[in-house]
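Quick notes on the structure that follows.
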Amino acid sequence: KHNLCFYWSLCVTVKTVLKIYMFSAATIIKLCRKVDVFSIITKLDVYPGLMVTAGLIHYILNLLHVTVHIRDVCVFLAPVFSGLTAISTYLLTRELWNQGAGLLAACFIAIVPGYISRSVAGSFDNEGIAIFALQFTYYLWVKSVKTGSVFWTIGCCLSYFYMVSAWGGYVFIINLIPLHVFALLLMQRYSRRVYIAYSTFYIVGLILSMQVPFVGFQPIRTSEHMAAAGVFALLQAYAFLQYLKDRLTRQEFQTLFFLGISLAACIVFLTVIYLTYTGRAHKLQPVCVFLLSRLHSYAKIHIPIIASVSEHQPTTWVSFFFDLHILVCTFPAGLWFCIKNINDERVFVALYAISAVYFAGVMVRLMLTLTPVVCMLSAVAFSSVFEHYMGDDTKREKPPEKAEEGLGPNIKSIVTMLMLMLLMMFAVHCTWVTSNAYSSPSVVLASYNHDGTRNILDDFREAYYWLRQNTDEHARVMSWWDYGYQIAGMANRTTLVDNNTWNNSHIALVGKAMSSNESAAYEIMRSLDVDYVLIIFGGVIGYSGDDINKFLWMVRIAEGEHPKDIRESDYFTPQGEFRVDKAGSPTLLNCLMYKMSYYRFGEITPPGFDRTRNAEIGNKDIKFKHLEEAFTSEHWLVRIYKVKRLENREALDHKLRSVVSRQKYTSKKVSVFPLRRDGFSCSLSFMMLSTTYSCDPHTHLR
Amino acid sequence: MAAFTAVGQADRFGSLLSKKRTGMKTTRCWTLLDCSVLVLLSLASMLHCAKADGKTLVLLDNLNIKDTHSIFFRSLADRGFDLAFKTADDPSLSLIKYGQFLYDHLIIFAPSVEDFGGNINLETITSFIDGGGNVLVAASSDIGDPLRELGSECGIEFDEEKTAVIDHHNYDVSDPGEHTLIVADPENLLKAATIVGKPTGKPVLFKGVGMVADPDNPLVLDILTGSSTSYSYFPDRPISQYPHAVGKNTLLIAGLQARNNARVVFSGSLDFFSDAFFNSAVQKARPGSQRHEQTGNMELAMSLSRWVFKEAGVLRVGAVTHHPVGETAPPAAYTVTDLVEYSIVIEMLSEGRWVPFDGDDIQLEFVRIDPFVRTYLKKNGGKYSVQFKLPDVYGVFQFKVDYNRLGYTHLYSSTQVSVRPLQHTQYERFIPSAFPYYASAFSMMTGLFIFSVVFLHMREKEKSD
C-alpha cells in the first residue's frame, strides 16, 4: 500500500511538472509573437530545462501566493542561478582543496566577466542555468569518487540529467568524467569507489539523458557519447581482471588474459570488417580514437553556418584577458599546486582545466566552460599563497627547523599586499567590464565623443518602429538571420529566417539572394513573396558588425547549397582580397547586398567613403530596377528596401530591330564612318558592326 | 511535453489563418497581396466589368468613320455597349474625372491623330489601362505619334508613318498595284478560340501598318501575323535599308493582357473593321486561288471585340474549401501525411452570366517555396476538387491554383495553411516489431520483482540461522 501511494504521488508530481512545462512553454512562445515562416510548430528541437525551471519557479511562487509574471521570473532567473553557481563552485573547490580556496573561488565566479556575461538579469539563456548544473554535477561526481557511495552518484546523475535538459554542453560532462576515469586507470588509481561511481553514473545517467526529447537516442548513437561507453566497457573488463587476479594463479591468469585479449581482438576485427562492409565504418571510427571524438564534436565548426556565428570564432588572447583578467595568469599556478599534491579529484580538475583551455581556444563561446575552472584553480593558487604568507606565525613555531626562517614579516606583508592589490585590480576590472560591456542593450549603440559626452545611436529601434508602423501587417521581411528575432519581436513582421532557423537551405537561399545580382535576386525574392529587405550598414558611422562584413559568410553559406550559382572566389579580387573599392571584383560590386548597402552612398560627403572598411566605394552609380529604397535610418545603420511588384505592362525600353544575320561581319568593305541615312535607324552596315561587337545588349537578333 | 508547445503554436497560426479566412481568402487580382481591401476592390471592379453594358468612349479621326464602320459599331451597340462617339481632337474629351474613370472601355479609331483633345494624353490612357480599362486601337499607314507611343508603352512597336505591310504573294485581286491590300491566311491567326473565335477558314483582308513585338515579352499576344513573304516598308520608295519587320515577325494584329487583366488590342489596319472589308469578296491574286464570297473580317472583329471588352475569356474564383477527407471544416493546422480534399469553384463569364468553367488542365500546387505536390483538379459538379496526401514535411504551405492560359484572364488563388508534425500521442502506441523489447522489459520487471522478494526472504532466513 505504501508503494502504491508512493507511485501515485510520483505520477502526480510528473504530471504537475509536465503541466508547468506546457504552460511556461506556451507563455514564452506567446511572448515572441511571430516566428519565421518555415519553422513553425516543432519545439522538439529545444532543450526544455530552461523553460521547465522558469515555469516551475513561477508555479511554486504562485502556489505560495507570490504573484509574479512569468516574464519577471525569466528576467531574474540568470542572476539567481549565478548565485547557485557560486555556491556549487564553493562546494567543488572545498572538495578539491580547502574551505578558504572555496570561498575565494565563489568570490571569483561571482564577479568574473566571463560568467557575468551570461548571468546578468534579462539573459534568459540556456548557458545561465547550465553552468550551475555543470559545476554541481562535477561537485557531486567528485564527492561520489571520494566516498564511493551510490547516494552521491545518484545525485550526480540527477544533476547530470538536469544539465542534459538544459544545454547541449552536457557532452562536455559525458566526456570529461570518462576521461577522468580513464586517467585514473592509467595512473593505477583504480579503486572500488571509482568502479561504483562510474558504473552507476554511466548507466543511470545514460537512461536519464535519453528521456530528454531533443537528445533521444543520441547517447547510444553519436560519436560524442562513444567515449563514455568505451570507458564503461574498459572499466568492467578491468574490474573483472582484478577479480580474476584474486581468484586465479598467476599462470592461469596469464593464459586467460591472452585468450581474452585475442578473442577481443578477433571480435573487434570482425566488427570492423562488418561495419566497413555495410558502410557504417564512420560510426566506429571515433570509438577507436578516444580523444579525437572530443575534437570530432567540435569539428562541426567547419560547417559555414555554424562557423559564421561570431561566438564560434577562435578566441583571441585579448578576450582571455578581458574575460578573466588576473585569473588567467594565476590559474596555471593553481594547476601546478594541484598536480604537485595529486589525488583522485585533483586529477579530475587538472583534466577539466586542460580540456576547457583547449575548447576555449577553439571558440569564444566555450570561454564559458573555462571560466569556472579558472576561478577554482586561481582560488587554489591565491589560497595557497595566502596560507603561506599570511598564516598564523604561532602555528609554524612548532616545526622550527623548517627553512622558513628567511621569510621575515616584511616579505610576508609585501607579498600579501601585492596579492591584495592584484585582487583589488581584478575587482575593479570586473566592475568596469560589467558596466561597459555587459550591461547595455545591444540594440542601442553608444559612442563617446572626445569630450566624454555620450551619443546614443538608436537606429535599430527607429527602423523597427518604422517597419511596425508603415508596412502591411502581413508583410514579409527578408534579412540576414541575425535580425530575425528582432524584426519579429520589435517590428512584429514575418521574417524568412531567424535565429532559430535550423534549416540550412532556407538560410542559404537568403544568402543566395543577397549575393546574386539584382535580377537573379528578384526571382528568388518573388518566389519567397518578399515585400521588404532589411540590411544593416555601418559605413557611415564605422559600425563594424554590419552586413558587408558578414557578407562573405552569406556567400559561403549560399555556396554550400548552390555551388553552381555562387562561388566565393568570384567575390575576391585576383589577389585574393575582399575589397569594396574600385579594385573589388565586379561580382561583388554588382551583387544585391553591395548595391543595397551603398545605394546613394556616393552622394554624402566625403563622397562614398566607407568608414568601416576605410575605402572609397567602387560603384557609386547604383540604380535599382526591382527595388526601391523605403527607409534609411538616421545614421544609415538600417536600410530597408521595398521589393516592387511586377509591372502591369512591359513597356519597350529600347527599339526593336530585326536583324536576320548572326554571322560576324568583319569585312573591310564596311566603312568606319557609316554613310548618312535618314531616320533613327543607322545604316544596315553599321547595324552589322554593332551586332558584331554587341554594343547594345538589348538588340534582339533573330 | 514538446507536443503541447506545438499545439500552442499551431493555435496561434490557426487564429492567424482564421482571421484571414474571415476576409476574402482568395485573390484573383494580379498582385499577390493579401490585403483584403484590395481583393474586394478588384472583385468590385471585376463585377463591374462583368456587365456587358460598359460605357465606351469611341475616338474617331472624323465622324465619317462612324458610318463607314457602322456594322462593327452596331454590333457593339446591340451587345449592350453604351458608345459615346467623339472626334479625337474634341477639346471636351476626358477619360478621368476626380480620380474616377468615366468609361470602362476605350476605342481609338483615330490613326492619324497628332494630339488628343481635352485631357486625354498618353499618361491618361496608360493609367486607364493600369486601372483596369480595356482599349481597342486601330491604326493605319497614317499613324501618328500618340498611337506609336501608346504601342511602345504596351510593348509593341509600330512601323513609321507612311509605311505599310507589303506582300507580293498574298494580295487581293482588287489591289491597285502596291500590293498592300493583303489577304491574311487564317493559319496565321493565334490558336486561341477565345480571342479569334472558332476557325472559319475564311481569309482576312488587311491594309495598314505593321508592328513588331519583343518575343521575350510574356504579355503580348501575336494575334495575327503576316505571312512569311510579307514585310513592312514604304510602298512608294525603293528599298534601301532593312525593313522594319519581315516575314512572320510582322504583326498585323497584336494584343496585350496586362497583369491586372486589362486588355488592349492593336490592329494595324483601320479598314479591317470597315463595312467595306466586312462585306467584300476576297481572292488572292495568285492564279488558281480560291475565291471567298465574304472575308473573315467580321467574325474576327466580333471575336476580338468580345475578347478585348471582357465578354469572353473572363474567369473568376468562387469558393475555395479544403479539409481533411471525412471532415467538413478545415483544422487549425493539418498534420503531416493527412489526406486532404481541396475544392475550388471556377466560373467563366458567358453571355453576361457566370457559369461553371469547363477546363481539364487546371492544376493545384501545394507549395512551400517549391511545390511539394502538383496535381490536376478534376471537375466534380460545379467545382474542381482533388484529394491528395500531404507531404511528410511540416511548415507553412499554400494551396495554389495559378491558371494562366492564352485568352483567359489570369486566375490565381492561394490559401495559406500550416502543417504540423505528429503529436506525440499520434504515434503508434505498440509496434509489432518491438514486441521482443516489450517482452524483455516486462520479463526484466517481473524478474526483478521475484528476485527482490527472494532476496529479502533469503536474508531473513540467514539472520534467523
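FYI, it's all coordinate maths here, none of it is from the lab. Keep in mind that what you see is a predicted model, and the values were worked out from it rather than measured. Here the Cβ positions follow ideal geometry from the backbone for every residue, glycine too, while neighbour counts run over all protein chains shown.
For the reader, a short list of remarks on this structure follows.
- Segment A:457-643: C-alpha gyration tensor shape, a/c 1.5 cut-off, then a/b vs b/c: oblate
- Gain on full extension, evaluated as 0.36 nm per residue between B:TYR376 and B:ASP130 minus their Cα-Cα distance, stands at 85.3 nm.
- Ordering of A:424-435, A:171-182, A:632-643 by packing is A:171-182, A:632-643, A:424-435, highest average first (other Cβ atoms within 10 Å, averaged per residue).
- Of B:LYS310/B:LYS383; A:LYS644/B:LYS248; B:LYS86/B:LYS207; A:LYS512/A:LYS620; B:LYS378/B:LYS400; A:LYS642/B:LYS400, those spanning more than 26 Å from alpha-carbon to alpha-carbon: A:LYS644/B:LYS248
- Remark: the A:GLU628-A:THR316 segment gains 108.2 nm on full extension, using 0.36 nm per residue and subtracting the alpha carbon distance.
- Peptide B:237-246 is shielded by partner chain Cβ atoms: per residue, an average of 4 of them sit within 10 Å of its Cβ.
- Helical segments meeting 18 Å axial Cα length and Kyte-Doolittle 0.5 threshold in chain B (DSSP H): B:36-50
- Sum of side-chain charges, B:ILE156 neighbourhood, beta-carbon under 13 Å (Lys, Arg +1; Asp, Glu -1): -4
- Given 13 as the ceiling on other Cβ atoms within 10 Å, longest exposed-site-free region of chain B for trypsin sites (Lys or Arg not before Pro) in DSSP loops: B:192-428
- In a fully extended conformation the segment linking B:ASP361 and B:THR328 would gain 9.3 nm over its present Cα-Cα distance, using 0.36 nm per residue.
- Peptides A:152-160, A:120-128, A:256-264 ordered by average Cβ neighbours within 10 Å, highest first: A:152-160, A:120-128, A:256-264
- Sparse-neighbour loop sites [chymotrypsin sites (Phe, Trp or Tyr not before Pro); segment B:389-465; at most 12 other C-beta within 10 Å; DSSP]: B:TYR427, B:PHE430
- Overall form of segment A:192-277 per C-alpha gyration tensor (a/c, 1.5; a/b vs b/c): oblate
- Rounded FRET efficiency, nearest 0.05, which uses the C-beta distance separating A:THR147 from A:MET210 and R0 of 35 Å: 0.85
- Net charge over other residues, Cβ less than 15 angstrom from the Cβ of A:ALA350 (K, R count +1; D, E count -1): 0
- Cα-based shape type of segment B:55-309, given that a ≥ b ≥ c are square roots of the gyration tensor eigenvalues and the cut on a/c is 1.5: prolate
- Annotation: peptides A:232-239, B:108-115, ranked by per-residue average of other Cβ atoms within 10 Å with the highest first, follow the order B:108-115, A:232-239.
- Förster radius 60 Å - calculated FRET efficiency between B:PHE449 and A:VAL443 (Cβ-Cβ, nearest 0.05): 0.50
- Label-point separation in nm, A:ASP246 to A:LYS655, each point 7 Å along Cα→Cβ: 10.5 nm
- Taking every residue in A:637-650 and counting other chain Cβ atoms within 10 Å of its Cβ, the average works out to 4.
- Where labels lie 7 Å past Cα in the beta-carbon direction, separation of B:SER112 and A:ASP451 in nm: 7.9 nm
- Percentage relative contact order, chain B, counting C-alpha pairs under 8 Å, at least six apart: 14 percent
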